[in-house]
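What follows is a single structure, written as structure tokens, with notes after it.
Read the figures in this text as sums done on the coordinates, not as results from a lab. Since the structure is predicted, the reported quantities are computational estimates derived from the model, not experimental observations. Methodologically, a virtual Cβ is constructed for each residue, glycine included, from the backbone with ideal geometry; neighbour enumeration extends over all protein chains shown.
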Amino acid sequence: MTVRMDNVGIVVEDLAATIEFFRELGLELEGQGFVAGEWAGRVTGLGDQRVEIAMLRTPDGHSRLELSRFVEPAVIADHRRAPVNALGYLRVMFAVDDLDDTLTRLRAHGAELVSDEVVRFEDAYRLCYVRGPEGILLGLAEELDRPAETPPPTR
């Protein structure tokens, strides 16, 4: 059996600003348009709906992010400022090459560190959580260069 995750979905109010934020992170806009009608409502259980969506993909082509702006029906809940440990709350983690540069670029689009610091996990990663547009929670991880392993001594 083969399983492959296709995408992660995030509902937003300002689609244009959120697209620009994720493009600054390095994602590429794959397409944008509307999903509407009775068939879509049968999938989601929302009935007749009209949703503007944008699909973005990571540069390696392995992961995608679907941003949705509901026109109809109206959004009914808002958990964007829920703490990281809230039940059912999701965050998306992105691996980046240069965490400091990424933070500088994303701050220009309103990103804020959740804990006011970047944390080092052993000699493996530098990590942080940021809130992006509309309070979207993202994790960012920079893998650290690890020292080459010392070969075992020879006899």
Revision key, fill the gap. Spelling it out for V11: with amide H atoms placed in the peptide plane at 1.01 Å from N, the residues 5 or more places away or on another chain with amide H under 5 Å from its amide H are S68
Review point. When the helix-only estimate is applied to the chain (DSSP H runs of n ≥ 4, each -39,500 (n - 2.57), divided by the residue count), what is the mean residue ellipticity at 222 nm, nearest 500 deg cm²/dmol?
Key: -5000 deg cm²/dmol
**Study point:** Per-residue ³J(HN,Hα) for segment 112-122, Karplus 6.51 cos²θ - 1.76 cosθ + 1.60, θ = phi - 60°, Hz, x for Gly and Pro
**Key:** 9, 5, 6, 10, 6, 7, 9, 10, 9, 9, 6
Review point. By how many degrees, between 0 and 90 and to the nearest 10, does the Cα long axis of helix 15-25 differ from the longest principal axis of the chain?
Key: 10
Revision key, fill the gap. Mean 1/r over distinct Cα pairs of segment 80-149, inverted to a Kirkwood Rh in Å, yields 12.9
Revision key, fill the gap. Magnitude of the Cβ-charge dipole (Lys and Arg +1, Asp and Glu -1) of segment 40-117 about the Cα centre, nearest 20 debye, reported as 420
Revision key, fill the gap. Summing +1 per Lys or Arg and -1 per Asp or Glu among the other residues with Cβ less than 13 Å from E24's Cβ gives 0
Point to revise | Extreme residue, positive dipole direction of the chain, given options V96, L46, I136 (C-beta unit charges) | key: L46
Point to revise | Summed side-chain charge close to T104 - residues other than T104 whose Cβ falls under 15 Å, Lys, Arg +1, Asp, Glu -1 | key: -4
Check your understanding: Which net charge results for the neighbourhood of M55, defined as the other residues with beta-carbon distances under 9 angstrom from its beta-carbon, given Lys and Arg at +1 and Asp and Glu at -1?
Key -> 0
Exercise for review: With only Lys, Arg, Asp and Glu charged, each at its Cβ (+1 for the first two, -1 for the last two), find how big the charge dipole of the chain is about the Cα centre; round to the nearest 20 debye.
Suggested key: 400
Check your understanding: For segment 1-76, what number results from the quotient of the Cα radius of gyration and 2.2 N^0.38 Å?
Key -> 1.17
Check your understanding: What fraction of the Cα pairs in the chain, stated in percent, has a spacing above 25 angstrom?
Key -> 40
Point to revise | Estimated inter-spin distance, E143 and T44, nm [label 7 Å along Cα→Cβ] | key: 3.6
Revision key, fill the gap. Taking a crude spin-label model, label points 7 Å out from Cα along the C-beta direction, the D14 to E72 distance in nm is 2.7
Check your understanding: If we count other beta carbons within 10 Å of each Cβ, what is the order of V71, V130, fewest first?
Key -> V71, V130
**Study point:** Cβ-placed point charges (K, R +1; D, E -1), dipole of segment 1-76 about Cα centre in debye, nearest 20
**Key:** 240
